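The block underneath contains the structure these notes are about, expressed in structure tokens.
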Amino acid sequence: MLKKVLICLHGNDVAPRFDLTTEVFIASVGPENRIEDEKSVVLPRASAEELCHMILTGDIQTVICCGIEEEYYQYLTWKRIHVFDSVIGSCDRILDAFTQGTLQSGAILFDPI
Amino acid sequence: MKDPQNPDNPPACIAGLFDHPLALPSFLDEIPLGLAVLNENRQIVLLNRTLEGLSGYSRQEAKGIPCTYILRSNACLENCPALSMQDSADAVCTEANIINRDRQKIPVRITFSVIRDVTGHTVGYLEAVEDIRLLRALNGKECHAYAFGQIIGRSPQMERIYRILPVIAQSDSSVLITGETGTGKDFLAEAIHQGSQRGKDPFIKVNCGALPETLLESELFGHQKGAFTGAVENKPGRFRIAHNGTLYLTEIGDLPLALQVKLLTFLDDKIVFPLGGTKGFQVNVRVIAATHRNLGQMVREGHFREDLLFRLNVVRLHLPPVRERGDDIRLLLDHFLRSYLTRLKKPIKGFSGKALRLLLDFTYPGNVRELRNIVEYAVNICEEDQILLKHLPAYLTDPEARDWDREAKTEPQTLWSPEPQSVIPQKDWASAERTMIMDAMLKARGRRTKAAEILGWGRSTLWRKMKHYGLADTISLKGSENA
């Protein structure tokens, strides 16, 4: 069964804040952790409520973001959505870590100076 | 000279002020304002301790990361001060909010200024972040005549807490907050911190029940590089991040015994020993602890150290459950209704008579949190101009729907209360139902079909409920003994 993962985007990196996200990357991950389908969606405006609604109606199972308020984190986890928060890094590296099963909340996937 | 947090790297220095170069990190740590030194690309070079506490990131973790990912301020995304100031010599000040690693949204005032070298070339930026939660709370104070911080109430019990709270806040003693779940222990701890002389310094919250023992030890006391597999760098720990501020240990009753000893040692000599380290660090931290458990009983059962209880129990505050707060229920209902109407922009005038009566008579086992959730649910569901019975959660009118309540009541002995019996008054549905089943079984002389008829239930319902209350085994056992 395909698992749908949503990454909040800001350029090629994860967006610093869930509530200020204006673009998301959605990938469908197959049983062998292969990306079966992917798309980027530009949101009409930044809104945490509307993004939550989109996640629920879009059958997303996993959300990857950086800063998220407790209220929205609790809401999503209550709705049985797995949230990796405080993740910092580029979308590609985050997706790699996710498909390899090594991604954790708080992961910093930037190369430090 | 080596950085005590990172002995492998030499510390950043300022030369020329004194005979010897000045260690910049420890110098910045003494400033009670969040400070970040950024390079020209707006990547973090250095954070001071106050900003570590505010953001939740240690300086090692933050190093090299663009500041927008560490501060997570709305100003970074909407109007980055560094971009707007260009080469201006003047500092830019803006009010914004940040979301820290603990998922808290904190209003802040950010001042951004350019750092130049001796020749006047821009080499980076200095970002000062001031926590203005206290200011915001003071501005909104007139709106809540019956409130202290975020705690609402005018019952005699709450009035008593309001009277002693400023005195407790100003003292520097350890505080133990007790009260059932949802009574507002976190808000009370924050109000004590904000009202104290440490109000401008970090308020660090740690949930002792949320992490396994080894992780919790590293989280609280920090670790040295190489202390265990995966400890690739030094970590200061929450105690050191909270230096000069307050450390709030919630669910202290869930703290493992081994860590209780370590906490006890800290409370005695105020020195933190990181995991795997030999050198201790002196820190000035006020400890506020909270629990919904009965620590006295835990001490008797050997699950909590008596000496730690005595150390924490310098000042004890007990938050009463909502059902004992009388008129406060109406006040809280109106307060949350007003706040959700504003937030959800609904044209609702209030509660209908029947809905209000039901809400006032309900016992709220989940206390203020449950009351708030009920109001939020009702405001969301209601499409009319008044909240009616049908807009309230089903479990208020149908006790059958409240399965989790009975499950919770099977383990009341660890809940905080001087007498566990007082948590379950006679009118409690679960205990009444249990008595009904016992009576019916006695009348039916142990025959379940007959007992189910007496109760007006199906046989399977009776069986399910007996199993739930733990009566099935007892009665079967007695039945087989009689046979």
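Observations on the model:
- The number of residues in segment B:220-237 that are open to solvent by 40 Å² or more (accessible area, probe 1.4 Å) and either in a helix (DSSP H, G or I) or not hydrophobic (A, V, I, L, M, F, W, C) (or both) comes to 7.
- Test set (1) open to solvent by 30 Å² or more (accessible area, probe 1.4 Å); (2) more than 16 Å from residue B:152 (Cα to Cα) - residue B:323 fails condition number: (2)
- Test: residue in segment A:1-9 that is β-branched (Val, Ile, Thr) and open to solvent by 60 Å² or more (accessible area, probe 1.4 Å): no
- Screening residue B:423 with (1) open to solvent by 40 Å² or more (accessible area, probe 1.4 Å); (2) modelled with pLDDT under 80 gives one miss only, at (1).
- Selection count, segment B:19-45, where residues are under 21 Å from residue B:109 (Cβ atoms), within 13 Å of chain A (Cβ to nearest Cβ) and modelled with pLDDT under 90: 1
- Across segment A:62-75, the number of residues qualifying as at pLDDT 95 or above and more than 11 Å from chain B (Cβ to nearest Cβ) comes to 3.
- Residue under evaluation residue A:102, criteria (1) within 14 Å of chain B (Cβ to nearest Cβ); (2) surrounded by 13 or more Cβ atoms within 10 Å (Cβ to Cβ), criterion not met: (2)
- Note on segment A:78-92: residues that are assigned to a strand (DSSP E or B), open to solvent by less than 10 Å² (accessible area, probe 1.4 Å) and of a type in the set (Gly, Ala, Ser) total 1.
- Helices (runs of 4 or more DSSP H) contained entirely in segment B:296-391, each with at least 2 residues that are not assigned by TED's automatic domain parsing to the domain that holds residue B:160: B:328-344, B:353-361, B:367-381
- Residue B:301 closer than 18 Å to residue B:208 by Cα, open to solvent by 10 Å² or more (accessible area, probe 1.4 Å) and acidic (Asp, Glu): no
- Count of residues meeting criterion [open to solvent by 40 Å² or more (accessible area, probe 1.4 Å) and in contact (Cβ under 8 Å) with a residue 12 or more places away in the chain] in segment B:432-445: 3
For every residue, the table says whether it meets (1) over 30 Å from residue B:43 (Cβ atoms); (2) of a type in the set (Phe, Trp, Tyr).
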residue	(1), (2)
A:11	no, no
A:20	no, no
A:25	no, yes
A:36	yes, no
A:48	no, no
A:53	yes, no
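- Within the option set B:57, B:125, being in contact (Cβ under 8 Å) with a residue 12 or more places away in the chain, within 14 Å of chain A (Cβ to nearest Cβ) and either open to solvent by less than 10 Å² (accessible area, probe 1.4 Å) or touching a Phe, Trp or Tyr at 6+ places or on another chain (Cβ under 7 Å) (or both) holds for one residue only, B:57.
- The residues of segment B:63-81 that are buried (at least 19 other Cβ atoms within 10 Å of the Cβ) and either more than 9 Å from every other protein chain (Cβ to nearest Cβ) or among the aromatic types (Phe, Trp, Tyr) (or both), listed by number, are B:67, B:69, B:75, B:81.
- Output for segment B:276-298, where each listed residue is in contact (Cβ under 8 Å) with a residue 40 or more places away in the chain and open to solvent by 40 Å² or more (accessible area, probe 1.4 Å): B:276, B:279, B:284, B:293
- Per-region count, segment A:10-58, residues within 13 Å of another protein chain (Cβ to nearest Cβ), out of contact with any Cys (no Cβ under 9 Å at 6 or more places or on another chain) and in a strand (DSSP E or B): 0
The values are calculated or read from the model by the stated rules, or taken from the named source; none is laboratory data. Model, not experiment: these values are computed from the prediction. Glycine gets a Cβ as well: all are built from the backbone with ideal geometry, and neighbour counts include every protein chain shown. Keep in mind that these areas ignore ligands, DNA and RNA; they rest on the heavy atoms of the full protein, side chains included. Shrake-Rupley method; radii C 1.70, N 1.55, O 1.52, S 1.80 Å.
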